[in-house]
Amino acid sequence: MSNVTSTLTMQKAYFATGTTKDISFRKQALIKLRKAIQKNEKEIIAALHQDLNKSETEAFTTEIGILYSEIDFNLKHIDGWAKKKKVKTAVTHAGSSSYIYPEPYGVALIIAPWNYPFHLAIAPLIGAIAAGNCAVIKPSELTPATSSLLNQLIAKNFAEEYITVIEGAVETSQSLLAENFNYIFFTGSVPVGKIVMEAAAKHLTPVTLELGGKSPAIVDKDANLTLAAKRIAWGKFTNAGQTCVAPDYLYVHSDIKASFLSALKQEIQTMYGEHPIENKDFVKIVNEKHFDRLSPFLANGDTILGGKKDRQQLKIEPTLLTNINWEDPVMKDEIFGPILPILEYQNIEEVISGIQNHPNPLAFYFFSENDRLAEKMIEEVSFGGGCINDTLYHLASPYLPFGGIGNSGMGAYHGKESFLTFSHQKSLLKQTTKFDIPFRYPHVKNGLKLMKRFLK
Ligand code: NAD
């Protein structure tokens, strides 16, 4: 039996004991996880620095603090979420009562990417624990320091039969995917998402796919330009653009283009300085392969800010490109780096059709003081989630389900949605034995007539 098979067998046996279904057990596990993260904050920050050159502030806000609030939210609400719920009963079902019992799936496989390697491994785990599952986490091999730390942290705090980390690259991921897990939660790229779904189909395993894509930010002529510039600069260049919901490209109304771009340049320089490559807190590109994938984009259109790179440090300056159209290579796939191409528009219909002619974005950002126009955009454009007059912030709210549509993914999580994602909603009808309405039975006189009256 391979290592992977024996881990799964062990976890399935443990799940079958029912231990993980106990609500106080789930709460204890969440508290333990919170304490383990707290105790290891320094080590987590150091690992993220080693893997991606994340600063302490960026590591804390985007990878650690967000997990504390997610755990606390779960602890506050888990009793209510996990309870069986009484629901209405139809008149056709007189005498009976109806319930929904949330039930854990069993053993969940969580496959994580490298861009927020700690956060995106633990956030789904919180939902898996709260819903009463066992879990196997496969971190990304491209961020080895974080992967190894995750392994140690989980091994030190949880029994292997309950939660474990299996480190490795594509082959490990594929041998995990060959197994019969009860749920697969995948965060990563669109092509690998398809591989995951194909593998899941073999066992009819339900999946959540948190994927990526090209997310637009649109700056309309009525926007508050200073705030739009600040929030776009922050959303795009946090983690050097290696964020699934980062604005991938900009659409800017031609009437305000010059003043907006000057504000945007100003904000980027305020945040990262005149020489971002020398800024010790500016995040690096994860590896040479991604650095070499991004570098040719610097030659697209006209560079109005940035454009410099340093392969030794794996750093690329925040770069703004104008004179761009959909035929440029930078507009073909998700950029996932600190390069922001800018398209210009006069008529909002051009923007709508430009977005609609491409796969559904994961995120969508519209900057305008015109509420009617904002509503029109929300109604006409299909996307995973987004903000009016901001970037990224929707992702951090436990009240908003986070997920994609079409090519940007399926399913969602965060807050209650994570609990629902990792639970099956078991429907139950409790029938009375005090009486028995007869007309469903085949031999009853006028049965069909009565049935028609009821079901009309
Ligand atoms: P990736 O798809 O290359 O890798 C993700 C995981 O899948 C890793 O653990 C990797 O080991 C594994 N993997 C890679 N190739 C595989 C294969 N052939 N078979 C089985 N498993 C395989 O993604 P990535 O480069 O780590 O992450 C970047 C992508 O993730 C971007 O597209 C980004 O938009 C997306 N992303 C999405 C979200 C979200 O929440 N929607 C969050 C972060 C990143």
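See the values below:
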{"quantity": "Some residue of region 251-269 being within 25 Å of HIS49 (Cβ to Cβ) and crowded, with 24+ Cβ neighbours inside 10 Å", "calculated": "yes"}
{"quantity": "The lone exception for THR205 - which of (1) outside the structural domain of ASP328 (by TED's automatic domain parsing); (2) crowded, with 23+ Cβ neighbours inside 10 Å it fails", "calculated": "(2)"}
{"quantity": "Matching residues, region 432-456, being within 47 Å of the chain's Cα centre (by Cα), in contact (Cβ under 8 Å) with a residue 12 or more places away in the chain and exposed (fewer than 10 other Cβ atoms within 10 Å of the Cβ)", "calculated": "LEU455"}
{"quantity": "Conditions (1) among the aromatic types (Phe, Trp, Tyr); (2) buried (at least 18 other Cβ atoms within 10 Å of the Cβ); (3) part of a helix (DSSP H, G or I): number failed by PHE383", "calculated": "(3)"}
{"quantity": "Single condition ALA155 does not satisfy, out of (1) away from the ligand (no atom under 13 Å from the Cβ); (2) touching a residue at least 24 places away in the same chain (Cβ under 8 Å); (3) out of contact with any Cys (no Cβ under 6 Å at 6 or more places or on another chain)", "calculated": "(2)"}
{"quantity": "Enumeration of residues in region 315-344 that are of a type in the set (Lys, Arg) and either within 22 Å of the chain's Cα centre (by Cα) or surrounded by fewer than 19 Cβ atoms within 10 Å (Cβ to Cβ) (or both)", "calculated": "LYS332"}
{"quantity": "Listing of helices (runs of 4 or more DSSP H) fully contained in region 180-285 that carry 3 or more residues being more than 21 Å from THR62 (Cβ to Cβ) and within 13 Å of the ligand (Cβ to nearest atom)", "calculated": "190-203"}
{"quantity": "Candidates ALA159, ALA123, ALA155, ALA169, filtered to the one that is surrounded by 16 or more Cβ atoms within 10 Å (Cβ to Cβ) and assigned by TED's automatic domain parsing to the domain that holds LYS202", "calculated": "ALA123"}
{"quantity": "Region 128-149 - residue that is in a helix (DSSP H, G or I) and under 19 Å from the mean Cα position of the chain (by Cα) and, of those, nearest to the ligand (Cβ to nearest atom)", "calculated": "SER147"}
{"quantity": "Index of the failed condition, GLU198 passing every other in (1) touching a helix residue (DSSP H, G or I) at 6+ places or on another chain (Cβ under 7 Å); (2) among the charged types (D, E, K, R); (3) surrounded by fewer than 21 Cβ atoms within 10 Å (Cβ to Cβ)", "calculated": "(1)"}
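The values are calculated or read from the model by the stated rules, or taken from the named source; none is laboratory data. None of the values given here were measured: they were computed from a predicted structure. Cβ coordinates were reconstructed from backbone atoms using ideal geometry, including for glycine residues, and neighbour counts include every protein chain displayed.
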